[in-house]
Every structure is written in C-alpha cells, then in structure tokens.
Amino acid sequence: QSNQSTLSSFFKIS
Amino acid sequence: MLEAKLDAASQLKKIVEAIRDMLGECNIECNETGLALQSLDKSHIVLVSLLLGSDGFSEYRCDRGVTLGLNINSLATVLRCANNDDILTLRSEDRANELILTFEDSKADRISEFNLRLMDIDQEYLAIPETEYAATVVMSAAVLQRTLRDLSALSEAVTIEIDKEGIRFSAEGDLGKGSTHFKPCVDMENAENSINITLSEPVSLSFNLQYFSNITKASSLSSTVTLQMTAGMPAQIEYKLPSGHVRYYFAPKIED
C-alpha cells in the first residue's frame, strides 16, 4: 500500500 | 512595460497546452532576463516551473519588473484564436490591468488583437534547494510519453527503477502486470533516441500516472526529457526550450 505525498512535505512554502 | 514578440504563436501555444491541465490562476513574472512562472497544482503534487529567456523572443523589452496574474485556461482560449505560424506579440503597460496579445500573419494583412484581464493573485511559492540527484536519465520525450500511456492501461501508478543496467517502468493492476526496460544506449543517427544514465546510487520511486501523463504533454516542446530522481524525494522532470525550460517537480507515492 502506498500513499501520495505532497510537495509541501518536502519543500517550504512561502 | 513589457513587449515580447515570437515569430510563431505555436511556441507559446505548446507551452500553455503543457501546463494548463495542472494550473488554474498564476503569476508570470517578467523582467529584463525574460518570463518566469512557478506554480503548484491544486493538490500540491506537481510544481510547474517555466523559464522563457529573453533570447527566445525575436524582440523583447521589459524595462521594469511586471507581474502578469493570469488564468491559464483563459490564456489558452485566446491563443486558440492564433494560427500556429502567426507572429505573436505580448504587451502590457506598467501597472496595467490587461495583457494585450496580437496575432499577425506573415504578410501582415491580418492583425487580431485580444485584451486579457489581469488578476491580483496571492500565490504560494516553494523554496526548492539546489539538489544533487542520485540518478539522471536523458531519454526521448516521445518514448517516455508512450511508455507511460501503455502502462496507464494497467494501473493508476507506475514504478520507475533506475540502476546501471538501465531504467525500468512497471505497473501492476487487476488485469495483470507489465513493464518496459530500457538499457543505456547511444543512437548516432537519431541522438534523441539515445538513453543516457548518470547514477550515484540505484533509485526506485512510484508516481501517479494521471499526473505523469499531464506532465508528458510537454513532449511537443522538446525531443528529449531529463528525469532526475533521489529515493524518497520528489522527481525533477525537465523539457529544455531553445532559451529556457519547462520543469516539473513531482511528489512520489510513499510506502506506508
């Protein structure tokens, strides 16, 4: 089972 | 003010077609070096980063920074009114609330003008650090698009494994499973069919195929695509333009 990650969990949003 | 001319409207049409499915409203930042856009899709799975250097335009002038807040689908709608080989000019006055697009045929006996309303968009930006990726693959953009399309018949996800033997795409679903493996190769006659792999360690990542298929709509912009991956990190997928690039950062699926 795998889940979709989002970019906000890797990079900082400003 | 901004004034930027392209010899063929098709150049901008193709770029907009490559990003419109992922983006709604976004800011295009214009300055003397060219046009740039960075925008997340609604679900924060893909980031689109577009750079169009001033050298890519036949004429380019932008004295002062201009932000064009645009609805990308509205831009696409207006661009459909241009013939592919029309000369296209983008114009916007300082602090104006509209972008003026003109389309001229090469004999200049037809000139169409469209004014697109600009918007104030409060946009989120991602700070993406310079990264050394574990694996870099340069391959034919059309072959990547075809491979992913084939596998999307099997599953909604694709797994990409890169090692020194090559790059392998695989998918598994209710009807069964499938995979395509490409070995590194050099095609002297058709350089775009070569597959070049640079690797510091093997990588395996899975991605949603619907999003991947939207990304590969950029295949019309470049004969080759560069995939860069590191385990557990978003992939970087880049299509080079004559002066600039369309780049996507793509969040992977993560094992539970």
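Mean shadow of chain B, computed from the convex hull of its alpha carbons, in nm²?
Convex hull of Cα atoms, orientation-averaged projection: 15.5 nm².
For a footprinting-style exposure proxy, rank B:TYR133, B:TYR125, B:TYR60 by other Cβ within 10 Å, fewest first.
B:TYR125, B:TYR133, B:TYR60
With θ set to phi - 60° and the Karplus curve 6.51 cos²θ - 1.76 cosθ + 1.60, what are the ³J(HN,Hα) couplings of segment B:48-65 in order, to the nearest whole Hz, using x for Gly and Pro?
Listing the rounded values in order: 9, 10, 10, 10, 10, x, 4, 5, x, 9, 6, 9, 8, 8, 8, 6, 10, x Hz.
With springs only between Cα atoms under 10 Å apart, run a GNM on chain B and tell me which of B:GLN38, B:GLN210, B:GLN145 wobbles the most.
B:GLN210
Please go through segment B:50-104 and write out the trypsin sites (Lys or Arg not before Pro) that DSSP classes as loop and that have at most 15 other C-beta atoms within 10 Å.
B:ARG64, B:ARG80, B:ARG95
Can you list residues whose amide H is under 5 Å from B:ILE28's amide H, if they're 5+ apart or on another chain and H is modeled 1.01 Å from N?
Result for B:ILE28 returns B:LEU68, B:GLY69, B:LEU70.
Return the single residue from B:LEU148, B:LEU116, B:LEU175 with maximal mean-square fluctuation; model: Gaussian network over chain B, springs between Cα atoms under 10 Å.
Looking only at B:LEU148, B:LEU116, B:LEU175, the biggest GNM fluctuation is shown by B:LEU175.
Treating the protein assembly as shown as a set of equal point scatterers at the Cα positions, no solvent, please give the Debye-formula log₁₀ I(q)/I(0) at q = 0.12, 0.14, 0.16 Å⁻¹.
Taking Cα atoms of the protein assembly as shown as identical point scatterers yields -0.78, -1.01, -1.23.
So what are the ³J(HN,Hα) numbers for segment B:4-14, from phi and the Karplus equation (6.51, -1.76, 1.60; θ = phi - 60°), rounded to whole Hz, Gly and Pro as x?
Going residue by residue, I get 9, 10, 10, 6, 9, 4, 4, 4, 6, 4, 5 Hz, with x marking Gly and Pro.
Roughly how many debye, to the nearest 20, is the charge dipole of segment B:1-63 about its Cα centre, given +1 on each Lys and Arg Cβ, -1 on each Asp and Glu Cβ, and no other charges?
For this selection, approximately 220 debye.
Once R0 is set to 51 Å, what does the formula 1/(1 + (r/R0)^6) return for the Cβ-Cβ distance between B:ARG64 and B:ARG146, expressed as a FRET efficiency to the nearest 0.05?
Computed FRET efficiency for B:ARG64 and B:ARG146: 0.70.
Given H placed 1.01 Å from N in the peptide plane, which residues other than close sequence neighbours of B:SER194 have an amide H under 5 Å from its amide H?
When sequence neighbours closer than 5 places are left aside, the close amide H contacts are B:ASP187.
Counting other C-beta atoms within 10 Å, and keeping those with at most 10, which DSSP coil GluC sites (Glu not before Pro) do you find in segment B:155-256?
B:GLU189
Assuming R0 = 45 Å, what is the FRET efficiency of B:GLU3 and B:LEU199, from their Cβ-Cβ distance, to the nearest 0.05?
So, using R0 = 45 Å, E works out to roughly 0.50.
Whose amide H sits under 5 Å from the amide H of B:LYS253, counting only residues 5 or more places off or on another chain, with H placed in the peptide plane?
Correct list: A:SER5, B:SER206, B:PHE207, B:ASN208.
In segment B:124-167, which trypsin sites (Lys or Arg not before Pro) are in a loop and have at most 15 other Cβ atoms within 10 Å, using DSSP for the loop call?
For trypsin sites (Lys or Arg not before Pro) across segment B:124-167 that sit outside H, G, I, E and B with at most 15 neighbouring Cβ atoms in 10 Å, the list reads B:LYS164.
In peptide B:242-251, what is the residue-averaged number of other protein chain Cβ atoms found within 10 Å of each Cβ?
Counting Cβ atoms of other protein chains within 10 Å of each residue's Cβ and averaging gives 1.
From the phi of every residue in segment B:156-163, what ³J(HN,Hα) in whole Hz does the Karplus formula 6.51 cos²θ - 1.76 cosθ + 1.60 yield, where θ is phi - 60° and glycine or proline is x?
Computed from phi, the couplings for segment B:156-163 are 8, 9, 10, 9, 10, 10, 10, 9 Hz.
Tell me the angle of helix B:141-151 to the major Cα principal axis of chain B, expressed in degrees between 0 and 90 and rounded to the nearest ten.
Helix B:141-151 sits roughly 60 degrees off the main axis of chain B.
Report the label-to-label distance for B:ILE121 and B:ASP105 in nanometres (one decimal), using points 7 Å from each Cα along the Cα→Cβ vector.
Reported label-point gap for B:ILE121 and B:ASP105 is 3.3 nm.
Readers should treat all values here as calculations from the given coordinates under stated rules, not as data from a laboratory. These figures come from a predicted structure and were not determined experimentally. Glycine also receives a Cβ, built like all others from the backbone with ideal geometry; neighbour counts cover every protein chain displayed.
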